[in-house]
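Taking it in order: structure first as structure tokens, then the write-up.
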Amino acid sequence: MKPAAFDYVVPRTVGDAVEALGDTRRKAQVIAGGQSLILEMHLQRIRPELVVDINRIPELDRMIVEADELRVGALIRHAAFESADAVPGPLGTLLSRAVVNIAHPPIRSRGTMVGSFAWAHPASEWCAIGVALDATVELIGPDGAREIPAGDYFQGPHRTSRQPQELITAVRLPLLGGNTGVGFIEQRRTHFCFAQVAVAATLTVNDGLISEARIGLVNSADRPVRAHAAERSLTGIEIGRAQTGGYRLTDDDPFARAGRIAAHEDAAPLAEPYADVEYKQQAIAVLVARTLREAAADQQAHDAAQRGDHR
Ligand SMILES: Cc1cc2nc3c(=O)[nH]c(=O)nc-3n(C[C@H](O)[C@H](O)[C@H](O)COP(=O)(O)OP(=O)(O)OC[C@H]3O[C@@H](n4cnc5c(N)ncnc54)[C@H](O)[C@@H]3O)c2cc1C
């Protein structure tokens, strides 16, 4: 199919883009990487009367570290995160482990992280990392600029608290402290499919005990999920014992327990053609446990390297 006819504008400033989106006479869509929008337009599931192309706005094409946050502008492509060194500290490691799961290289070279937040697909890796890390979404519209915490931003499949006339200018993510380990594991049917389930996890350790756990679940409900109950079950756990299997596996292995809690209390998975609800719950339980082990190993390796440096 071909897209329905539409008008097309290429603003050079954020102000001009907001003005174009604010014209309520025509239904408008922003185009960033176009990797979701173009397909939807070809299928005529989305029929904008005006397409606002933001690709010529230099101020949106910036990724900067500000204080203890990473600010990712609306034109930063997925591929920008493929090197762990692109972003400092454990956040860079987490983003680089997640990004290779997003589609394939041509899509990653055009699609944007902010576009994923705008599109709000429940299987988006970035959106689950966003809720797990308490990201902030920056928007600007005819009534001015505002910020929304990721936890309040996602409302359902492709539904967010963004108003149609608002442009997302950036997403901010916290840089993670040095005593934080990260993990990301995804399960999908074929290399190019969206995730059946994926898990992002961070573990922050102080004096050998887990002081904070963050767990984001991909495609485990109608929106990205932060597994709060599973996270709470991990606070105060001795990281060394968990990592070496010092807890009895079936009964009190804390990572396996967190997996079960995440699957049955935090997630609300929806059945899909190759994965019914029970299958997804099992996948979530296993993947959460494995991702936590990966995060624990990451934290322990970092800790050992730091101790070695100071000898
Ligand atoms: C074959 C294939 C496989 C894929 N696999 C995955 C995958 O595994 N995981 C995954 O997460 N994604 C996947 N995607 C989607 C891809 O990551 C997209 O790049 C992403 O969802 C949207 O980013 P974009 O910049 O291309 O947005 P666009 O396609 O340009 O826009 C998407 C939507 O967001 C809106 N929008 C974009 N930017 C803004 C903004 N700044 N302000 C307001 N609205 C905005 C648009 O108006 C549109 O409604 C896949 C896509 C394809 C085609």
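Laid out as a table, the results:
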item: Where Asp207 falls short, out of the listed (1) in the same structural domain as Ala304 (by TED's automatic domain parsing); (2) under 30 Å from Arg307 (Cβ atoms); (3) at pLDDT 95 or above; result: (3)
item: Unique match (being open to solvent by 10 Å² or more (accessible area, probe 1.4 Å), of a type in the set (Val, Ile, Thr) and either modelled with pLDDT under 95 or under 13 Å from Gln299 (Cα atoms) (or both)) among Ile185, Ile237; result: Ile237
item: Residue match in the range 137-148 (condition: closer than 27 Å to Ile284 by Cα and open to solvent by 20 Å² or more (accessible area, probe 1.4 Å)); result: no
item: Per-region count, the range 155-189, residues farther than 28 Å from Ala275 by Cβ and in contact (Cβ under 8 Å) with a residue 60 or more places away in the chain; result: 18
item: Test for Phe192: is it aromatic (Phe, Trp, Tyr) and open to solvent by less than 60 Å² (accessible area, probe 1.4 Å); result: no
item: Criterion (more than 9 Å from the ligand (Cβ to nearest atom), in contact with a Gly (Cβ under 9 Å, 6 or more places away or on another chain) and not basic (Lys, Arg)) met by exactly one of Asp152, Asp134, Asp143; result: Asp134
item: One residue from Arg71, Arg25 being more than 8 Å from the ligand (Cβ to nearest atom), among the basic types (Lys, Arg) and open to solvent by 70 Å² or more (accessible area, probe 1.4 Å); result: Arg25
item: In the range 162-182, the residues that are surrounded by 14 or more Cβ atoms within 10 Å (Cβ to Cβ), among the small types (Gly, Ala, Ser) and not in a strand (DSSP E or B); result: Gly177
item: Residues being near the ligand (Cβ under 10 Å from one of its atoms) and β-branched (Val, Ile, Thr) - total across the range 157-209; result: 4
item: Residues located in the range 127-144, provided they are in contact with a helix residue (DSSP H, G or I) (Cβ under 8 Å, 6 or more places away or on another chain) and either of a type in the set (Asp, Glu) or not assigned by TED's automatic domain parsing to the domain that holds Leu94 (or both); result: Asp134
item: From Arg214, Arg223, Arg257, Arg241, residue being part of a loop (DSSP other than H, G, I, E, B) and either without any contact (Cβ under 8 Å) to a residue 24 or more places away in the chain or among the charged types (D, E, K, R) (or both); result: Arg223
item: Criterion: touching a Gly at 6+ places or on another chain (Cβ under 8 Å) and open to solvent by 20 Å² or more (accessible area, probe 1.4 Å) - qualifying residue of Arg159, Arg62; result: Arg62
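Every residue, every condition in (1) charged (D, E, K, R); (2) within 25 Å of Glu166 (Cβ to Cβ), yes or no:
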site	(1), (2)
Gln35	no, yes
Glu40	yes, yes
Pro48	no, yes
Pro58	no, yes
Leu75	no, yes
Phe81	no, yes
Gly89	no, no
Thr93	no, no
Ser96	no, no
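The values are calculated or read from the model by the stated rules, or taken from the named source; none is laboratory data. Treat the numbers as computed from the prediction; the structure is a model and nothing was measured. Quick reminder, even Gly has a Cβ in these numbers, built from the backbone with ideal geometry, and neighbours come from all protein chains shown. Note: areas computed on protein heavy atoms with side chains; ligands, DNA, RNA excluded. Shrake-Rupley method; radii C 1.70, N 1.55, O 1.52, S 1.80 Å.
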